[in-house]
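The values are calculated or read from the model by the stated rules, or taken from the named source; none is laboratory data. For clarity, every value in this text was computed on a predicted model and none was experimentally measured. Here the Cβ is made from the backbone with ideal geometry for all residues, glycine too, and neighbour counts use every protein chain on show. These accessible areas exclude ligands, DNA and RNA; they are computed on the full protein's heavy atoms, side chains included. Shrake-Rupley method; radii C 1.70, N 1.55, O 1.52, S 1.80 Å.
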Amino acid sequence: KTLLLLNRQETFQDFLKALALTQKLGLEHCCHVILGLPGESYEEQMQTAQKLKELQVQGVKIHLLVAMQNTALHEWYKQGRWQPLEFAEYTRLAADFIHQLHKDCIIHRFAGNGHPGYLAAPKWAYTHRKQSAEAIISRLKSLQPTLP
């Protein structure tokens, strides 16, 4: 439903075909995921992580949805049709997402912020980059089972 909303002109089946091809050919692959997409619930985003675990993806790049100036998403933001994730909401979501993936999955990125001169929202994506990494890592540590 999100691919349709964003008019991506591709389907989940297209993704599955591309992933199967990389796996068949023995190519390394890295899937990109955007957190905070319009209309996606926390549960749906966790389902995405579970699906990537099930598919045994080798790597994931996690992106925060940001609005860049003079884009359709920026207009949605100005009109109140889309609200970016708050810092605490994103760091919790990103850590929970990573926690759902299989243990050998390589996390290539868990934050992105766009060019600061064009970033419309959320501004914290640029100003709190280091803090977001620290918060995600801290939450991941808290999610780990206690060792005997």
Original post:
Could you give the nm distance between label points at Arg129 and Lys1, where each point is 7 Å from its Cα heading toward the beta carbon?
Top reply: 3.5 nm
**OP:** Mind jotting down the three principal axis lengths of the stretch 31-74 based on Cα atoms? Whole angstrom, largest first.
**Re:** 38, 21, 11
**OP:** List the residues of the stretch 98-125 whose backbone N lies under 15 Å from a point placed 7 Å from the Cα of Leu55 along the Cα-to-Cβ direction.
**Re:** 101-102, 105-106
Original post:
What's the longest piece of the chain with no exposed GluC sites (Glu not before Pro), counting a site as exposed if DSSP puts it in a loop and it has at most 15 other beta carbons within 10 Å?
Top reply: 87-148
Subject >> D (Stokes-Einstein, µm²/s), Kirkwood Cα radius, the chain, 1.306 mPa s at 10 °C >> reply: 96 µm²/s
Original post:
Measuring from label point to label point, each 7 Å out along Cα→Cβ, what is the Lys78 to Phe15 span in nm?
Top reply: 3.1 nm
**OP:** Starting from the Cα of Lys51, draw a straight line to each of the aspartates and glutamates and keep only those under 20 Å, dropping any in the same chain fewer than 8 residues away.
**Re:** Glu10, Asp14, Glu28, Glu40, Glu43, Asp96, Asp104
Subject >> Which listed pairs, of Lys24/Lys130; Lys78/Lys130; Lys17/Lys130, have C-alpha distances above 31 Å, in listed order >> reply: Lys24/Lys130; Lys17/Lys130
Original post:
Rounded to a whole number, what % of the accessible area of the stretch 90-133 do carbon and sulfur atoms account for, probe 1.4 Å?
Top reply: 53 percent
